[in-house]
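Structure record follows, encoded as structure tokens.
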Amino acid sequence: MPETAFHRTSHRVDITASAGVVYGIVADAVRWPLFLAPTVHVEQLDLEGADQRLRIWALAYGEVTSWVTRRTLDPAARRIDFRQAMPAPHMQGVSGSWVVKELPKGSSRLTLHHALPVSAGRGAGATWLELARDTDLRALLTNVKHLAERWTTLDERVVAVEDTLRVDGPAELVYDFLYRMENWSGQLPWLRRLDLMEETPGIQKIRMDTATDDGRTHTAEAVRVCFPHSGRIVYKLTEPLASTAAQTGEWSVEPDATGVTVVARHQAVLHLQDMTEAMGTHADATGAHRHARQVLSRDSTAILRSARQHAQSAVRRITPKS
């Protein structure tokens, strides 16, 4: 049987940040969707010591693809080895490593090694790493560099909100409203147009026109990954609103003995300068944070209330005679 031939690439970038910060960014894959452009969602399937198994959804050439990867983390050596475990047997063998080397004066060097079987296909089952050309891998490293070099100020730019609402109705109807996002037009005042495509069950690509507070229209794009059996929908704005560099979130429907709790969680990385300029000369980072939280929570709560109305109005209640 002939040996498998591999196409091997190696890319590196020098970063004005400590090796510990850079390694931490690469190791914390669950937060990649908020910080790394191609990644839509990451689920940690299991973690046993240094071994980790992840399910990753990401964009490749405008299409959403998903795979399971196994990683071995070595914090002491600042090295992470990975190997793709899915989606297809002929893709086995795709592997690589992230290596962080400490440089003088608090800098570091990040190197990404990647080995791809030459016979690997380029169909819908291929990962974004397999499909990416050298320029895409360099862009990924540049993304990590940009993030690491601004790590100390990141807390000033990240906003997180969580809203909950109780619903006296079936969990299935609540989830149905959240899932059928194409029906939101006309029910939410800021949503002027929404187009939804779902070529793969559970993977939704959305393009929508929204009205901003100053009356302008902004077009945003998003990808949603739906988990009907667990009552969850996660999303990422792949073309975010003008005031944000990135936005991710999750809708979760949680039934119990007395009803349903719907939880909405959202995270955003702000363009602080753009926000403060739009808010006026006296605005500051604190005001921009407060405004962003208010807007996110306002819109999120409106969606939750619409989901509650959808679920409760569809249930016929019989009032017992006195």
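A few notes on this one:
- Cross-link partners of residue 205 among aspartates and glutamates (Cα-Cα below 13 Å; sequence separation of 8 or more within a chain): 63, 182, 195, 221, 239
- FRET efficiency estimate (nearest 0.05) - Cβ-Cβ, residue 85 to residue 216, R0 51 angstrom: 0.65
- At full extension, residue 50 and residue 152 could sit 34.0 nm farther apart than now, given 0.36 nm per residue minus the alpha carbon distance.
- Peptides 211-219, 102-110, 295-303, 33-41 ranked from most to least packed give 33-41, 295-303, 102-110, 211-219, packing being the mean of other C-beta atoms within 10 angstrom over each peptide's residues.
- Prolate/oblate/rounded call for segment 157-313, Cα gyration tensor, a/c under 1.5 rounded: prolate
- Segment 140-267, relative contact order in percent, only Cα pairs under 8 angstrom and at least six apart counted: 25
Readers should treat all values here as calculations from the given coordinates under stated rules, not as data from a laboratory. As the structure is a prediction and not an experimental result, all values here were calculated from the model. When we count neighbours, we look across all protein chains shown, and the Cβ atoms used for this are built from the backbone with ideal geometry, even at glycine.
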